[in-house]
1. How about segment 1-24: which of its residues are within 27 Å of the chain's Cα centre (by Cα) and either hydrophobic (A, V, I, L, M, F, W, C) or not in a helix (DSSP H, G or I) (or both)?
2. If you check Ala27 against the conditions, is it at pLDDT 80 or above, within 40 Å of the chain's Cα centre (by Cα) and assigned by TED's automatic domain parsing to the domain that holds Ser5?
3. Based on what the data block shows, is Phe88 modelled with pLDDT of 85 or more, out of contact with any helix residue (DSSP H, G or I) (no Cβ under 8 Å at 6 or more places or on another chain), surrounded by 10 or more Cβ atoms within 10 Å (Cβ to Cβ) and assigned to a helix (DSSP H, G or I)?
Amino acid sequence: MSDRSDELRRQRDLLREHLAWIEREIAREAAEAPEHAPAYQPPPRLVQPHFSVSASDADRDAEAILAEFRRSAPAVEAQTKRGCILYFAGAMVLFLALSAACIFLFEKSRR
């Protein structure tokens, strides 16, 4: 059986145990006289689900590769800003060069 189904069965058993405790407490309260203060008895502690997931060797290798290329957010932001400025400057140079070529060819054809 899978780990998940085992964990779900274990949780179901814990809930049944807790419900049995609640039934016992209700029966005890009904049997006691109203003038007696019931002694507090904490419920059985429910265990938090603990899923043990073991990473395969491929996952660990992938994490090592990702860690090698992982960078902080400010570094990525600075590189992105620099790239945008360079693309804009390149586009402006190309636009000005094409404009100058068009003007030059237009003036040359007028003569």
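The values are calculated or read from the model by the stated rules, or taken from the named source; none is laboratory data. Because the structure is a prediction, the values reported are computed rather than measured. For neighbour counting, all protein chains shown are included, and Cβ atoms are generated from backbone atoms with ideal geometry for every residue, glycine included.
1. Hits for segment 1-24 are Ser2, Leu8.
2. Answer is no for this residue.
3. Working: modelled with pLDDT of 85 or more: yes; out of contact with any helix residue (DSSP H, G or I) (no Cβ under 8 Å at 6 or more places or on another chain): yes; surrounded by 10 or more Cβ atoms within 10 Å (Cβ to Cβ): yes; assigned to a helix (DSSP H, G or I): yes.
Taking the combined requirement at face value, the residue satisfies it.
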